[in-house]
Amino acid sequence: YTIGDNPSQNVKVTNTSGAAAGIAGIALSGDPSLTQRNNCGASLAAGGTCSITVTFQPVAYGTFTGTLTVNESSGALDTVSVTGISSVNN
């Protein structure tokens, strides 16, 4: 991608357990060129899903990385590594 592009990618969160799972928070750490928004509430029903949209908004050329973290109320942390690459030739 190049400067001015704002591509997005969805991350689907699925509760595979037989009981509701509490979500204490969702955060994206790392480079500020990567942001997230989600439709996940404070609880995810058994077998339920929600979606997190990660958007890449580069202001310079290069490789930008971050970590998307879903913090469950139980204290468990689920993470996904994210990368955005911006160059003149994209």
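The values are calculated or read from the model by the stated rules, or taken from the named source; none is laboratory data. Since the structure is predicted, the reported quantities are computational estimates derived from the model, not experimental observations. Here the Cβ is made from the backbone with ideal geometry for all residues, glycine too, and neighbour counts use every protein chain on show. These accessible areas exclude ligands, DNA and RNA; they are computed on the full protein's heavy atoms, side chains included. Shrake-Rupley method; radii C 1.70, N 1.55, O 1.52, S 1.80 Å.
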Tell me the relative contact order for the stretch 50-90 as a rounded percent, counting alpha carbon contacts under 8 Å between residues six or more apart. 41 percent
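Quick check: net charge around residue 25, other residues with Cβ under 13 Å of its Cβ, Lys/Arg +1 and Asp/Glu -1?
Values: positive: none; negative: 72, 78.
Surrounding charge for residue 25 is -2.
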Accessible area in square angstrom per residue, the chain, 1.4 angstrom probe: 58 Å²
Neighbourhood charge, 14 Å Cβ-Cβ cut-off, centred on residue 60 and excluding it, Lys, Arg +1 and Asp, Glu -1: -2
Measure off, as a whole percent, the carbon and sulfur share of the 1.4 Å-probe accessible area of the chain, all protein chains present. 50 percent
Computed from the coordinates I sent, volume of the Cα convex hull per residue in Å³ equals one of (i) 92; (ii) 80; (iii) 101. Tell me the label. (ii)
Relative contact order (%) - the chain, alpha-carbon pairs under 8 angstrom, separation at least six: 37 percent
